[in-house]
Amino acid sequence: MIPELDAGFAALPVDDATKAAARDALAHWRTAARFAEYRPLLDALIARRRFALLLDCFYRRIPFGTGGRRGPVGVGPNRINPYTLSTSVQGHVAALRQRYGATAELAVVIAWDVRVFHDLRGELGETPSPLRGLSSRDLGWLAARVYLANDVRVHLLPPDDPSYLSTPELSFLIRELGAAGGLNVSASHNHPDDNGGKFYNSLGGQEIPPADEELATIVEQVDDARLISLAQALDSPLLCPLAPTVRRRYREHNLRLLPPDGPRQARIVFTPLHGTGSTTVLPLLQEAGFEVEAEPAGLPADGAFPTVPFRIPNPEVPQSLARASRFAQARGAQLVLATDPDADRLGAMAPDHEGGWRPLTGNEIGALLLHRLLPRAAAAGPPEEGRRPFLVTTWVTSRLHERLARAAGIGCVSTLLVGFKYIGEVLRQIEEHGEYVEVGWGRTLRARLDDFLLATEESHGYLLTAGLRDKDAAGAALLLAELAADLHARGETLPDLLLQIQRTHGVVENRLLSLVLQGATGLQTIAALLAALRQAPPAAVDGTPVAEVVDWQDEARFGPFLSGTDRGARNVLCFLLEDGSRITLRPSGTEPKCKIYVETAGPPHEPTTPLATVRAAQARLAARATQLGDAFVLLALRSIGREVPAAALRVSDLVPLELRVWVVTELLAQLLPHLVAAQGQETSRDQVQAWLDAQLRPCGSDARQLVAAGLRQAAAEAPGYDPATRDLLAALLES
């Protein structure tokens, strides 16, 4: 018993069972010999009264979610650390043995990204701990020691190779080497302090329900791992370093996606955002013959992502491409391409009609790729009996893709749940059965695997070949570069082509909003929110009536649950509005957030419609999507008794909801006297700036950019903020 810990837990707004679970787990970690090296860190956190952090670290074992475990690196069972990674691997071994037999010869492929834990969030303080400096490479070799201890052959990078292995390479190599599965040590595009382990099956993808729950159940029963030393691992005959010739096969596979005589005269700037794309996308573009230059600052592999705004190396976030776009503009380039740290997602920017540069959304990139591929599908001739070219996409991805596909007469699966594993399952069923049935929608696609054209999802994931079963930035980058080169030769740009596509097929505008709700209380809030909207769905959103509610947990329509993981994956609600808009709500499978997808759509235009008219329709539908999204978020929070100031929605949704509200209420009120003092020259602007930056530290890196719009809107409505004070606030936020 630790009296100060008990008192600290008692004050936290969570139930007694959660507190008791955290208390018991923490006591075990403080006393068990195998966790002895963490004892000084735990005692320091208790002394610093970090009770909310400790409860979150210990109240549960980190869930085995979408194919693995991902989260903050830290101490305790609810964090990523050598204990949670090694026991996950031991569980994976047990699952493989259960599937293939106790004496079967098994092999896995291990990949890792560039991450190194530096505690940039400052959660652990200055106390020495075994976690500081822990890299994905360290965890990858730890996993190898577990697999080898269990007589599983391991394919991984040679010990003297300082490079990294991307997610798409891993997916390809599992299939190429005939492995039973694989592991990727990565947290993809998450904050640098996060990490994780994602497990792959023999097809090069993640398991879907109910197999994913079978794996999770086995993993969650494992509390210890068999382990050999690093020296023993290096001497093991089961250790198989990946030869350069083996890795070369992945590049050759992607290069075959482009015709050798296609257009190449485009100047491209590429940034891997400090990740593994420098070893995949960059050399592939060069080898294909494009004139490509890497943006220098983002090229070095660095798990702290030092040049990326907000420390979030996600090509979905437009600011992450800003540095590369400035570099591209100076170079007279036609395209910027960017990848996340494990090089499975692709982002892009292109010159616009006004002489500037604009980011392309994941939906826009998908539409451009599909447009480029459709003539190739048509060139194959009319479909034969039982086969046709086909597109695969998800429910929350833009309907523009489906419009393009239907108009071209190709097959389209467009109602999948979020997650590339479901796309992989479509390919498996097509390969094995020659058809895929869209349960709940009354549609069946009949095709063969070599009819596969494209898979795309709104979160910048694309796949152009069935030789992999996960998203791959490289293939998409090659095709987008070819398209940019073709357009450049004709004096056009990618945004120009998008306008032409939308003129023909109608404007579709999509917005993604997120509610980050951290910790144990956050998960409870997310569950309550979905339950409240399911029990009492709104009759209208922002004055527009709801025509239909689609609930994927409706067993009468979508069939019985296959497992608990299936129930969780189907925790999705969609509200179809009478004006054709739709709003979809789901909890994230990998992060503590709720995601809201908003779509507005218009009809096709006449072929002679001026592009300026299409541009105006874009602006109108985009504004409507923002308005609908704001209204729905406020409505959803109100359904669980939460009233949130509208200005909080202008704070970036990268910031947790509680902090967004705090910024536009408490911080705004505390800031006023400092601004008044600066106007009266009782204190300097630099002092106010330093105070503001210190207060905003919990919001993350580059916090002023994250909160600026919300603070400005809140100040415009707050008493005491006169025009001069608001101007000073704006200057401080922009400096």
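Where the second residue is open to solvent by 30 Å² or more (accessible area, probe 1.4 Å) and outside any strand (DSSP E or B) and the first is closer than 14 Å to Gly491 by Cα and lies in segment 342-355, which pairs have Cβ atoms under 6 Å and are six or more apart or on separate chains?
Filtered contacts from segment 342-355: Ala350/Thr493; Pro351/Thr493.
Out of all the residues in segment 200-217, which are touching a residue at least 40 places away in the same chain (Cβ under 8 Å), out of contact with any Lys or Arg (no Cβ under 6 Å at 6 or more places or on another chain) and either open to solvent by 30 Å² or more (accessible area, probe 1.4 Å) or not in a helix (DSSP H, G or I) (or both)?
Result: Tyr200, Glu207, Pro209, Pro210, Glu213, Glu214.
Would you point out which residue out of Ala32, Ala47, Ala20 is open to solvent by less than 40 Å² (accessible area, probe 1.4 Å), aliphatic (A, V, I, L, M), free of Cβ contacts under 8 Å to residues at least 60 places away in the same chain and farther than 26 Å from Gln90 by Cα?
Going through Ala32, Ala47, Ala20 in turn, the sole match is Ala20.
Test Val688 against the stated conditions and say whether it is more than 24 Å from Pro306 (Cα to Cα) and either open to solvent by less than 50 Å² (accessible area, probe 1.4 Å) or in contact with a Leu (Cβ under 7 Å, 6 or more places away or on another chain) (or both).
So Val688 fits the description; yes.
Considering only segment 267-280, I want to know if a residue exists there that is more than 21 Å from the chain's Cα centre (by Cα), surrounded by fewer than 23 Cβ atoms within 10 Å (Cβ to Cβ) and either more than 28 Å from Asp193 (Cα to Cα) or modelled with pLDDT of 95 or more (or both).
Yes: one or more hits.
Does Arg620 satisfy being open to solvent by 60 Å² or more (accessible area, probe 1.4 Å), basic (Lys, Arg) and closer than 22 Å to Val598 by Cβ?
So Arg620 fits the description; yes.
If I go through segment 26-62 residue by residue, how many of them are over 30 Å from the mean Cα position of the chain (by Cα) and within 24 Å of Gly196 (Cβ to Cβ)?
Count: 11.
Of everything in segment 675-685 that's open to solvent by less than 60 Å² (accessible area, probe 1.4 Å) and at pLDDT 85 or above, which residue is farthest from Pro723 (Cα to Cα)?
Taking the candidates together, the pick is Ser684.
Please determine whether any residue of segment 344-356 is closer than 27 Å to Arg615 by Cβ, part of a helix (DSSP H, G or I) and open to solvent by less than 20 Å² (accessible area, probe 1.4 Å).
no
Enumerate the helices (runs of 4 or more DSSP H) found wholly within segment 632-735, keeping only those where 2 or more residues are under 27 Å from the mean Cα position of the chain (by Cα).
Of the helices (runs of 4 or more DSSP H) lying wholly inside segment 632-735, those with at least 2 residues that are under 27 Å from the mean Cα position of the chain (by Cα) span 657-662, 703-717.
Can you tell me which residues in segment 235-293 are assigned to a helix (DSSP H, G or I) and more than 30 Å from Arg326 (Cα to Cα)?
Asp235, Pro244, Thr245, Val246, Arg247, Arg248, Arg249, Tyr250, Glu252, His253
In segment 50-68, which residues are of a type outside the set (D, E, K, R) and in a helix (DSSP H, G or I)?
The answer is Phe51, Ala52, Leu53, Leu54, Leu55, Cys57, Phe58.
Counting only residues that are in contact (Cβ under 8 Å) with a residue 40 or more places away in the chain and part of a loop (DSSP other than H, G, I, E, B), how many does segment 515-548 have?
Residues that pass the stated criteria total 5.
Considering only segment 563-574, how many residues are in contact with a helix residue (DSSP H, G or I) (Cβ under 8 Å, 6 or more places away or on another chain) and either buried (at least 19 other Cβ atoms within 10 Å of the Cβ) or at pLDDT 95 or above (or both)?
Residues that pass the stated criteria total 5.
For segment 589-610, check the following and say yes or no: at least one residue is within 30 Å of Glu214 (Cα to Cα) and open to solvent by 50 Å² or more (accessible area, probe 1.4 Å).
Taking every residue of segment 589-610 in turn, at least one turns out to be within 30 Å of Glu214 (Cα to Cα) and open to solvent by 50 Å² or more (accessible area, probe 1.4 Å).
For Phe420, only one of the following conditions fails: (1) free of Cβ contacts under 8 Å to residues at least 60 places away in the same chain; (2) closer than 25 Å to Val598 by Cβ. What is its number?
Of the numbered conditions (1) free of Cβ contacts under 8 Å to residues at least 60 places away in the same chain; (2) closer than 25 Å to Val598 by Cβ, the odd one out for Phe420 is (1).
Hey, among the residues in segment 419-450 that are among the acidic types (Asp, Glu) and part of a helix (DSSP H, G or I), which one's least open to solvent (accessible area, probe 1.4 Å)?
Glu425
Of all residues in segment 148-164, count the ones that are in a loop (DSSP other than H, G, I, E, B), touching a helix residue (DSSP H, G or I) at 6+ places or on another chain (Cβ under 7 Å) and crowded, with 19+ Cβ neighbours inside 10 Å.
Final tally of qualifying residues: 2.
Could you give me the residue pairs with C-beta distances under 6 Å whose first residue belongs to segment 92-119 and is among the basic types (Lys, Arg), whose second residue is crowded, with 18+ Cβ neighbours inside 10 Å and part of a loop (DSSP other than H, G, I, E, B) wherever it lies, and which are 6+ apart or on separate chains?
Taking only residues 6 or more apart or on different chains, the pairs are Arg115/Gly303.
Among (1) open to solvent by 40 Å² or more (accessible area, probe 1.4 Å); (2) in contact (Cβ under 8 Å) with a residue 24 or more places away in the chain; (3) touching a helix residue (DSSP H, G or I) at 6+ places or on another chain (Cβ under 8 Å), there is one condition Glu643 misses while meeting the rest; what is its number?
(2)
Every residue, every condition in (1) under 25 Å from His155 (Cα atoms); (2) touching a residue at least 24 places away in the same chain (Cβ under 8 Å); (3) out of contact with any strand residue (DSSP E or B) (no Cβ under 8 Å at 6 or more places or on another chain), yes or no:
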{"residue": "Cys240", "(1), (2), (3)": "yes, yes, no"}
{"residue": "Ser278", "(1), (2), (3)": "yes, no, no"}
{"residue": "Phe305", "(1), (2), (3)": "no, yes, yes"}
{"residue": "Phe310", "(1), (2), (3)": "no, yes, yes"}
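Which of (1) open to solvent by 20 Å² or more (accessible area, probe 1.4 Å); (2) outside any loop (DSSP other than H, G, I, E, B); (3) not aromatic (Phe, Trp, Tyr) is the odd one out, the single condition Ala143 does not satisfy?
Status for Ala143: all satisfied but (1).
Please state which one of Pro296, Pro241 is out of contact with any Gly (no Cβ under 6 Å at 6 or more places or on another chain), modelled with pLDDT of 95 or more, open to solvent by 30 Å² or more (accessible area, probe 1.4 Å) and within 30 Å of Ala94 (Cα to Cα).
Only one candidate passes the filter, namely Pro241.
Hey, among the residues in segment 107-147 that are touching a helix residue (DSSP H, G or I) at 6+ places or on another chain (Cβ under 9 Å) and among the acidic types (Asp, Glu), which one's nearest to Leu54 (Cα to Cα)?
Checked segment 107-147; the qualifying residue nearest to Leu54 (Cα to Cα) is Glu123.
Determine whether Glu509 is under 28 Å from Ala617 (Cβ atoms) and in contact (Cβ under 8 Å) with a residue 24 or more places away in the chain.
yes
How about segment 494-514: which of its residues are of a type in the set (A, V, I, L, M, F, W, C) and assigned to a strand (DSSP E or B)?
If the condition is that a residue be of a type in the set (A, V, I, L, M, F, W, C) and assigned to a strand (DSSP E or B), then Val508, Leu512, Leu513 are the ones that fit.
Assess whether Tyr59 counts as being hydroxyl-bearing (Ser, Thr, Tyr), touching a residue at least 60 places away in the same chain (Cβ under 8 Å) and either open to solvent by 40 Å² or more (accessible area, probe 1.4 Å) or out of contact with any Phe, Trp or Tyr (no Cβ under 8 Å at 6 or more places or on another chain) (or both).
yes
The values are calculated or read from the model by the stated rules, or taken from the named source; none is laboratory data. Everything numeric in this text was worked out from a predicted model, so none of it was measured. Glycine gets a Cβ as well: all are built from the backbone with ideal geometry, and neighbour counts include every protein chain shown. What goes into the accessible areas is simple: the full protein's heavy atoms, side chains included, and nothing from ligands, DNA or RNA. Shrake-Rupley method; radii C 1.70, N 1.55, O 1.52, S 1.80 Å.
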